[in-house]
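Asker: Have a look at the structure that comes next, please.
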Amino acid sequence: MTTTPDFDIFLMATPGLDSALHDEVRQHRFKAVKQVAGGVMVKGTWKDVWRANLELRGCGHVLARIGSFRVMHLAQLDKRARDFPWGSVLRKDVPVHVEASCTHSRIYHSGAAAQRISRAIVEEFGAPVADDAEVVVKARIEDDLCTLSIDSSGESLHKRGYKAGVGKAPLRETLASLFLRQCRFDGVEPVVDPMCGSGTFVIEAAEIAAGLKPGRNRHFAFEKLATFDAAVWHEMKAATPTRMAAVSCFGSDRDAGAIRMAKANADRAGVSGFTQFTQQSISDLVPPEGPFGLVIVNPPYGTRIGDKKPLFALYGALGQVLKTRFSGWRVGIVTTDAALARATELPFLDPAPPVLHGGLKVTLYRTAALP
């Protein structure tokens, strides 16, 4: 593959987790890492775009910036879009979908802007346009500057490719990974989730412990671009061999169906050898033998059913079990309500910033090692 100059790559974060994603990106040694509104910006080549999709656990989408130009009106946008070298990135045999947004610009109609760019791609370049196309061109017109990007990911990166079964309110894998990071999980200590649902926290922690790349089992939109090199991509995916995790990760839930789902998901993810799932209630929870670690849990919030009163007893029981049986362990609890967190009577540190999850604002409450 020929060497290309570095360009801007935007790594999209879940609102509230920009800083945690910034930390992860720095750890992965990308170039010119900068936290910006909505995510993290880096500089790199197409190989860095592929690596970001393959390796970053907390990123939602990877957008490759392919060009920009000034536009004052739709006719000018039409001309610039027709002159743009689409063939350097797109393929004529692959359908494209165009999305546009306009802020503080003389062009204010996003639908008309997307229509002009779509027509230019069809008439000048020859690629088909389709609403359900996997390859998406994003045009952002801000202060009369049109920036063009390709969503290199396709489906959101929280879809790791192993989860066939999910619970009622599944936590996205991207959020789970960054909550683990905020709890200072480093892959060399055990993790316990006593309300594990479909196993997201446990499987994510086990993958980190085993050094598995989150994008190893899925397809990406960039595989349908003119810039894609299948041989290089194959080498990248094969570069890090799986290692046996030094610790196990444990999940439990009182629901037998959730445990079946979690076991099946862990098996598809390739981590069933160092995960354990048990059907049991909170009152039966005991720490596994071995070193201290992290208890992390995403309990019910009650927000959707409108009645939180029964939950205060549940949170209280969880707190009591952790205080009496998990001395030396750290705790992370994700919930929508500070009052529910307080019901545990655990010695929380200052809470992390609130995070958008399924239309709700959730907060991670953390402790230091319990006395």
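Asker: When you count, for each residue, the other Cβ atoms within 10 Å and take the mean per peptide, how do 40-46, 204-210 rank with the highest first? Present the calculation step by step, with values, prior to reporting the outcome.
Answerer: Values: 40-46: 20.0, 204-210: 26.1.
In descending order of packing, they fall as 204-210, 40-46.
Asker: Over all alpha-carbon pairs of the stretch 149-303, lay out the pair-distance distribution in 10 Å bins, whole %, shortest bin first.
Answerer: Values per bin, smallest distances first: 11, 38, 32, 14, 4, 0.
Asker: Could you state the principal axis extents of the C-alpha atoms in the stretch 55-94, from the largest down, to the nearest angstrom?
Answerer: Principal axes ranked by extent give 41, 27, 12 Å for the Cα atoms.
Asker: What shape does the stretch 303-366 have by the C-alpha gyration tensor, where a ≥ b ≥ c are the square roots of the eigenvalues, rounded means a/c under 1.5, and otherwise prolate means a/b greater than b/c and oblate the rest? Walk me through the numbers before you get to the answer.
Answerer: Details: a/c = 2.58, a/b = 1.32, b/c = 1.95.
Oblate.
Asker: A follow-up question, please. If you wrap a convex hull around the alpha carbons of the stretch 1-66, what volume per residue comes out, as a whole number of Å³?
Answerer: Working: hull volume 5.0 nm³, N = 66.
Considering the Cα atoms of the stretch 1-66, their hull volume per residue is 76 Å³.
Asker: Same structure, new question: Highest mean first, what order results for 249-258, 316-325 on Cβ atoms within 10 Å? Walk me through the intermediate numbers first.
Answerer: Details: 249-258: 20.6, 316-325: 17.0.
Per-residue mean Cβ counts within 10 Å order the peptides as 249-258, 316-325.
Asker: Of all DSSP beta bridges in the stretch 1-140, what percent run antiparallel (nearest 5)? Could the numbers behind the result be given before it?
Answerer: On the way: 13 of 20 bridges.
Restricted to the stretch 1-140, the bridges split so that about 65 percent are antiparallel.
Asker: How far is it, in nm, from the label point at A238 to the one at L349 when both lie 7 Å from their Cα along the line to the Cβ?
Answerer: Each label point is offset 7 Å from its Cα along the Cβ direction, giving 4.2 nm.
Asker: While we're here: If each of A256 and D144 carries a label point 7 Å out from its Cα toward its Cβ, how far apart are those two points in nm?
Answerer: 6.9 nm
Asker: I would also like to ask the following. List the aspartates and glutamates whose alpha-carbon lies under 19 Å from that of K163, not counting same-chain residues fewer than 8 positions away?
Answerer: Once the sequence-local aspartates and glutamates are set aside, what remains near K163 is E55, E155, E173, D193, E204, E207, D253, D255, D267.
Asker: Starting from the Cα coordinates of the stretch 253-299, work out the convex hull volume and express it per residue in Å³. Before the final figure, lay out each step's value.
Answerer: Working: hull volume 4.6 nm³, N = 47.
It comes to 97 Å³ per residue, whole-number rounded.
Asker: How much accessible area per residue does the stretch 1-123 have, in Å², with a 1.4 Å probe? Spell out each step's value before the answer.
Answerer: Numbers: 5960 Å² over 123 residues.
It amounts to 48 Å² per residue over the stretch 1-123.
Asker: What do the square roots of 5 times the Cα gyration tensor eigenvalues come to for the stretch 1-122, in whole Å, largest first, as semi-axes of the equivalent ellipsoid? Numbers along the way, then the final one.
Answerer: Numbers: eigenvalues 163, 68, 31 Å².
Taking √(5λ) for each Cα gyration eigenvalue gives 29, 18, 12 Å.
Asker: For a 27 Å ceiling on Cα separation, which of these pairs sit above it: K263/K361; K92/K138; K159/K224; K224/K263; K213/K263; K263/K309? Don't skip to the end; give the middle numbers.
Answerer: Working: K263/K361 29 Å; K92/K138 18 Å; K159/K224 18 Å; K224/K263 33 Å; K213/K263 20 Å; K263/K309 31 Å.
Exceeds cut-off: K263/K361; K224/K263; K263/K309.
Asker: How long are the semi-axes of the ellipsoid equivalent to the chain, from square roots of 5 times the Cα gyration tensor eigenvalues, in whole Å, largest first?
Answerer: On the way: eigenvalues 357, 102, 61 Å².
Sorted largest first and rounded, they come to 42, 23, 18 Å.
Asker: Diagonalise the Cα gyration tensor of the stretch 154-230 and give the resulting equivalent ellipsoid semi-axes, square root of 5 times each eigenvalue, largest first, whole Å.
Answerer: Numbers: eigenvalues 133, 48, 20 Å².
Three semi-axes, in Å: 26, 16, 10.
The values are calculated or read from the model by the stated rules, or taken from the named source; none is laboratory data. Here the structure is a predicted model, which is why all the values come from computation and not from measurement. Heads up, the Cβs are rebuilt from the backbone with ideal geometry, glycines too, and the neighbour counts pull from every protein chain shown. The area values use the complete protein model at the heavy-atom level, side chains included, leaving out ligands, DNA and RNA. Shrake-Rupley method; radii C 1.70, N 1.55, O 1.52, S 1.80 Å.
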